[in-house]
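See structure below.
Please treat every number below as a calculation from the coordinates, not as lab data. Quantities reported herein were computed from a predicted structural model and do not represent experimental measurements. In this analysis, Cβ positions are derived from the backbone assuming ideal geometry, glycine residues included, and neighbour counts consider all displayed protein chains.
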């Protein structure tokens with residue numbers, strides 16, 4: 001049966017394996033993958049279920065899926081690589097690399113503000129629709145023209161859909177490569193990770209169908225029209241069904257159209273957990289990894305309306321928002337995607353955890369499912 005669970009799990013993760021298997025059998029999950037790596041050793045690597053709503057295509061070991069905002073850590077790692085190579089100063093103005101971005105009062109916005117959602121540019125001015133994001137030139141030119149929606153650097157406001165164009169344009173200006181080309185050649189290929197921003201045509205048969213979540217009960221009518229939450233979620237209005245279209249899959253959107261599975265997502269981000277070196281391939285220096293944990297913002301996010309604590313490009317533990325990730329004094333960074341995907345890195349312990357699925361659950365950052373899996377994994381690790 002294709003709703004059976006496949007893969008391997010160290011005996012201490014028996015409870016995790018049962019939890020995943022039960023969710024597959026009950027239909028809570030349709031198709032998924034879950035992975036845990038400790039100092040380069042795979043201790044849990046599970047996959048199973050179906051890659052389509054009709055339950056005709058089994059979720060195979062090499063099935064890939066849109067991981068939504070779990071793409072953002074990969075995009076920010078691209079900026080970290082360039083900083084590590086001395087090609088970008090993360091505390092320099094964005095305009096040093098992208099001069100047009102200084103327009104309309106953005107001259108003081110720094111690269112780190114883009115990576116940590118504090119730039120004041122958390123979406124596009126309307127009218128703006130999903131398909132507009134597929135046009136790189138148009139979308140970056142529009143962001144460069146805009147004025148910030150709050151004072152840059154003073155608070156976070158989740159850059160839900162545009163972080164890829166913001167950070168990616170800095171990458172492009174510095175390297176001459178598109179973001180998806182840089183991720184492919186400078187991150188995925190050296191690591192041997194089956195992860196890409198967008199999807200090349202040859203991989204279309206491996207892509208799992210996204211099953212949208214229940215409608216979000218998100219009433220914006222009580223807020224003024226110039227509130228960052230309103231402007232971000234209307235520029236553009238999200239629709240999970242777009243992820244199943246070829247336009248979405250071919251686009252270069254480092255905020256939310258990364259495609260991979262739990263194993264490849266963990267592999268891609270594992271340099272953070274493994275001191276910057278993966279199987280002899282040096283990606284980051286320890287000093288650059290340390291910078292991730294420099295707090296950039298801490299408080300109620302202006303776009304999501306929940307408590308968030310941002311390091312440089314990655315979220316830091318905030319138990320009120322993601323209760324499964326403890327704030328225990330050990331360095332931990334993470335982020336998740338709409339519907340449940342998640343990736344968590346622990347440099348002090350060499351642990352990387354990743355989860356990807358196609359049946360989206362309610363929730364913008366992780367889900368009840370991902371929280372349950374991660375809590376069970378931590379229990380097994382303890």
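List of remarks:
- Counted residue by residue at 0.36 nm each, then reduced by the alpha carbon distance between them, the extension gain from residue 138 to residue 294 reaches 52.9 nm.
- Full-stretch length increase - residue 382, residue 285 - with 0.36 nm per residue and alpha-carbon distance subtracted: 32.1 nm
- Taking all Cα pairs closer than 8 Å and separated by 6 or more residues, the relative contact order of the stretch 1-140 comes to 15 percent.
- Candidates 285, 70, 264: whichever shows maximal mean-square fluctuation once the chain is modelled as a Gaussian network with Cα springs under 10 Å: 285
- The stretch 283-382: mean projected area of Cα convex hull, nm²: 6.8 nm²
- Evaluated at q = 0.18 Å⁻¹: base-10 log I(q)/I(0), Debye formula over Cα of the stretch 334-376: -0.46
- Gyration tensor (alpha-carbon) shape descriptor, the stretch 228-337, a/c threshold 1.5: oblate
- The stretch 182-279 shape via C-alpha gyration tensor axes, a/c threshold 1.5: prolate
- Extension gain (nm, one decimal) between residue 129 and residue 147, 0.36 nm per residue minus Cα-Cα: 4.6 nm
- Nearest-0.05 FRET efficiency for residue 239 and residue 8, computed from C-beta distance (R0 30 Å): 0.25
- Here the calculated FRET efficiency for residue 372 and residue 103, from their Cβ-Cβ distance with R0 = 56 Å, stands at 0.75, rounded to the nearest 0.05.
- Principal axes of the stretch 228-286: Cα extent on each, largest first, Å: 44, 29, 17
- Convex hull volume of the stretch 143-218 per residue (C-alpha atoms, cubic angstrom): 179 Å³
- Once the Cα gyration tensor of the stretch 6-76 is diagonalised, semi-axes √(5λ) in Å: 20, 19, 11
- Protection-proxy order for peptides 57-65, 89-97, 161-169, 367-375, each taking the mean of Cβ atoms within 10 Å per residue, highest first: 161-169, 367-375, 57-65, 89-97
- Choice from 104, 257, 23 with maximal GNM fluctuation in the chain (Cα, 10 Å cutoff): 104
- When the alpha carbon coordinates of the chain are projected onto the principal axes, the ranges are 57, 43, 41 Å, largest first.
- D_trans [Stokes-Einstein, Kirkwood Rh over alpha-carbon pairs] for the stretch 218-259, 37 °C, 0.692 mPa s, µm² s⁻¹: 273 µm²/s
- Euclidean distance of C-alpha centroids, the stretch 301-343 and the stretch 156-212, integer Å: 21 Å
- As a length-normalised measure over Cα pairs under 8 Å and 6 or more apart, the relative contact order of the chain settles at 23 percent.
- Distance from the stretch 245-272 to the stretch 27-83 (C-alpha centre basis), Å: 9 Å
- Gyration tensor (alpha-carbon) shape descriptor, the stretch 76-226, a/c threshold 1.5: oblate
- Cα-based Kirkwood hydrodynamic radius, the stretch 16-132, one decimal, Å: 18.2 Å
- For a label point 7 Å along the Cα-to-beta-carbon line of residue 246, residues of the stretch 192-216 with backbone N under 14 Å: 199-205
- GNM top mover of 72, 231, 18 - the chain, alpha-carbon springs below 10 Å: 18
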